[in-house]
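> First the structure, which I've put down as C-alpha cells, then a few questions once you've had a look.
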Amino acid sequence: MYLHLTLHSLSLKIASSRGTTVIEPHSWGQQSGEEEVEKMPLHSEDIRPEMKEDIHDPSYQDEEGPPPKLEYVWRNIILMALLHLGALYGITLVPSCKVYTWLLGIFYNIVAALGITAGAHRLWSHRTYKARLPLRLFLIMANTMAFQNDVYEWARDHRVHHKFTETHADPHNSRRGFFFSHVGWLLVRKHPAVKEKGGKLDMSDLKAEKLVMFQRRYYKPAVLLIGIILPTLVPWYFWGETFQHSLYIATFLRYTIVLNFTWLVNSAAHLYGYRPYDRNIGARENALVSMATLGEGFHNYHHAFPYDYSVSEYRWHINFTTFFIDCMAALGLAYDRKRVSKAAVLARIKRTGDGSHKSG
C-alpha cells in the first residue's frame, strides 16, 4: 500500500488545452531529502505511455578495453568527397547563376529540413505530436527530399543516440571528437554496440505505420527522383538555367548545405554551448545551430525533455519548426502536441542545471 501511494505521488498531472498536453511536476522536496532528489528522475513518462525508447539509460556503461579498429567504408568516403568537391565548384558558379536557381535551392532546403525536423525527428523519432494524413504525406516527401536515410533508419539511429548518448552505442558519439560526430560516423562501420542496442529497440510503432514502411521500401528510386533529378531539371527546363549550374548549385551545393547543417546538431550542439537544464549530459544550447537547423540547436533542453514537441523552452524563438507545427495545428493537421510545463522546467534547472539559465 505504501509503495502504491509513493508511486502515485510521483505521477504526473496532465492538463490539455488547445491540443497541447502539459506536464506538471510534483514537489520532490516534500517527499525526500536533497541527496535522494538528485538520484530520482524528474518525472515519469506517463505522458507518452507508448514511447520509451528515446529515454536516456544511465545504467549503460561502455565495456572496458580498447575500442574496435575502425573499418573504413570507402564507397561512402569517395561519394562524400565527390559531393563536397562538387559543392565547392558550385560555390564558384553562384555569381553567374540565375536568381531563380538559388531561390529554388533555398526553398527546397527549407522544405527538406522540415522533413527532418518536424518529420523524422519530432514526429516519428520522439512522437511529440500527432499528424493527420495530409501532413504526414507532406513530411514523408520532404524527408525524402532531404536524402538523409529513410525515416525508419533515421529514427532508429536517433533513438539509440538518445538512449545511450555519448557511449559507444551512440552512432555519432561526440566524445570521439568533432569530425567523427559531424560526418566521420558515416564513413566507418558502426560500432558493434550501436548495432546491438539498435537491434533491441522497440520499433513496432514505425513498423506499423504503412507510410513510413512504404517510403523505406521505395526509398532509393524516390530519392533519385525527388532529391537529384527534380532539382537538377527544374531550373534547366523552366527558366533556361545551364545544366552545369543546375547540377552543381541546385543539387550538389544545396544538398551539401542541408547535410552539414543537420550534422551540426550532432557535433557543435554537443560540444559548444551552455547546459542550463542538465550539466551531466554533453548536449548543449547553441543558438547558431538553431538558426541553421530551423530550431534544433536547443539541444540541452531537448535531451533533458525529448518528449517536448518544441524541443525548446521558448517556443517560436529561433525555432521555425515549432512555428510550422503550430500553424499545422491551427489548420487541424497537427494535434496532441506534448509540452513540458514551466514548473517542470524550473525544477530541472534548479536540480541539475549549470547555473547559466537566466532564471538563476
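> Residue under question is residue 101, and the condition is that it be at pLDDT 95 or above, of a type outside the set (A, V, I, L, M, F, W, C), surrounded by 11 or more Cβ atoms within 10 Å (Cβ to Cβ) and under 20 Å from residue 163 (Cα atoms); does it hold?
no
> Related question: Within region 248-269, restricting attention to residues that are crowded, with 22+ Cβ neighbours inside 10 Å and under 9 Å from residue 90 (Cβ atoms), which residue is nearest to the chain's Cα centre (by Cα)?
Selected residue: 254.
> May I ask you to list pairs of residues, at least six apart or on different chains, whose Cβ atoms are under 8 Å apart, with the first in region 202-223 being within 19 Å of residue 115 (Cα to Cα) and surrounded by fewer than 17 Cβ atoms within 10 Å (Cβ to Cβ) and the second being modelled with pLDDT under 95 and not β-branched (Val, Ile, Thr)?
So the pair list comes out as 205/50; 205/51.
> Please verify whether residue 312 is hydroxyl-bearing (Ser, Thr, Tyr) and at pLDDT 95 or above, treating the condition exactly as stated. Full working, then the answer.
Values: hydroxyl-bearing (Ser, Thr, Tyr): yes; at pLDDT 95 or above: yes.
Against the criterion (hydroxyl-bearing (Ser, Thr, Tyr) and at pLDDT 95 or above), residue 312 qualifies.
> Turning to a different aspect of this structure: Tell me yes or no: at least one residue of region 319-329 is free of Cβ contacts under 8 Å to residues at least 40 places away in the same chain and over 19 Å from residue 124 (Cα atoms).
No - not one qualifying residue is present in region 319-329.
> Continuing with the same structure: Looking at region 342-358, is at least one residue over 30 Å from residue 186 (Cβ atoms) and polar (S, T, N, Q)?
Checked region 342-358: at least one residue is over 30 Å from residue 186 (Cβ atoms) and polar (S, T, N, Q).
A quick yes/no check of all residues on (1) touching a Gly at 6+ places or on another chain (Cβ under 7 Å); (2) under 24 Å from residue 48 (Cβ atoms):
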| position | (1), (2) |
| --- | --- |
| 256 | no, no |
| 304 | no, yes |
| 315 | no, yes |
| 319 | yes, yes |
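> Hey, another quick one. Criterion first (among the acidic types (Asp, Glu), buried (at least 19 other Cβ atoms within 10 Å of the Cβ), farther than 20 Å from residue 182 by Cβ and under 13 Å from the mean Cα position of the chain (by Cα)) does residue 278 satisfy it?
The answer is no for residue 278.
> Now for a separate question. Can you pull out the residues in region 335-360 that are outside any loop (DSSP other than H, G, I, E, B), closer than 24 Å to residue 292 by Cα and in contact with a helix residue (DSSP H, G or I) (Cβ under 7 Å, 6 or more places away or on another chain)?
Across region 335-360, the qualifying residue is only 337.
> Just to be sure I understand, how many residues within region 45-77 are assigned to a helix (DSSP H, G or I) and surrounded by 11 or more Cβ atoms within 10 Å (Cβ to Cβ)?
At the first step, the residues of region 45-77 found to be assigned to a helix (DSSP H, G or I) are 74-77.
From what's left, surrounded by 11 or more Cβ atoms within 10 Å (Cβ to Cβ): 76-77.
Total satisfying the criteria: 2.
> Mind checking which residues of region 120-153 are of a type in the set (D, E, K, R), surrounded by 19 or more Cβ atoms within 10 Å (Cβ to Cβ) and either without any contact (Cβ under 8 Å) to a residue 60 or more places away in the chain or farther than 17 Å from residue 324 by Cβ (or both)?
Correct list: 127, 150.
The values are calculated or read from the model by the stated rules, or taken from the named source; none is laboratory data. Note that this is a predicted model, so its numbers are computed, not measured. We place every Cβ from the backbone using ideal geometry, glycine too, and count neighbours over all the protein chains shown.
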